[in-house]
Amino acid sequence: GMMRERVQMDGVFVDHAHVLGQIGAAEDIALDAIRHSNLAIGAACLGGMKRCSQLIFQHATQRQIGEAGLVAHPVTMTRLGRITAEVTALECLVRLLADGVDAGRSSNSEPFTVCKLVGAEMLWQAVDDLVQLLGRRGLVETPQVRQLVDYARVLRGLDGPAEAGAAI
């Protein structure tokens with residue numbers, strides 16, 4: 001996980017113009033920053049998932065398997081359906097939280113954590129579906145797919161194992 005250290009500066013003069021928030025409220029400011037970061041990660045995952053579904057659909061409509069195209073194959077349809085449902089759910093959560101932040105409403109940290117943890121897991125699955133559908137050519141011929149794999153790996157592992165983050 002991430003290291004969490006305490007910073008204490010006794011006797012250090014800070015001009016009021018440079019004080020962030022209220023004196024003694026550093027924890028509130030830090031939690032707010034974490035909430036915003038988790039929301040941003042959720043939004044990034046959402047964009048990645050949308051791109052995965054676009055690439056899956058694009059490839060599947062161009063590829064023929066027997067009489068029908070790959071897009072009509074039940075596995076492709078199931079994967080696209082799941083990704084679409086997950087995109088819809090995550091987008092609703094991200095928009096709801098972003099609207100609340102914009103309106104100045106306070107919220108518990110849990111929904112923001114869900115954005116990060118669940119969003120990253122859903123992105124990872126969408127990227128895996130994309131790689132499975134494209135096969136070797138997806139990783140060899142398409143740098144964009146390799147980038148999605150790398151981004152999903154980074155977003156998924158930012159704070160260590162998702163199971164540990166969910167337990168906090």
Regarding region 56-75, can at least one residue be identified that is among the aromatic types (Phe, Trp, Tyr), more than 15 Å from Leu155 (Cβ to Cβ) and either surrounded by fewer than 18 Cβ atoms within 10 Å (Cβ to Cβ) or under 12 Å from the mean Cα position of the chain (by Cα) (or both)? yes
Looking only at residues that are open to solvent by 60 Å² or more (accessible area, probe 1.4 Å) and among the small types (Gly, Ala, Ser) in region 100-119, which one is nearest to His59 (Cα to Cα)? Ala103
Take Leu97 and tell me if it is buried (at least 21 other Cβ atoms within 10 Å of the Cβ) and in a helix (DSSP H, G or I). yes
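The values are calculated or read from the model by the stated rules, or taken from the named source; none is laboratory data. Quick caveat, the model's predicted, so the values are computed rather than measured. Neighbour counts run over all protein chains shown; Cβ positions are idealised from the backbone, glycine included. For accessibility, only protein heavy atoms count, side chains too; no ligands or nucleic acids. Shrake-Rupley method; radii C 1.70, N 1.55, O 1.52, S 1.80 Å.
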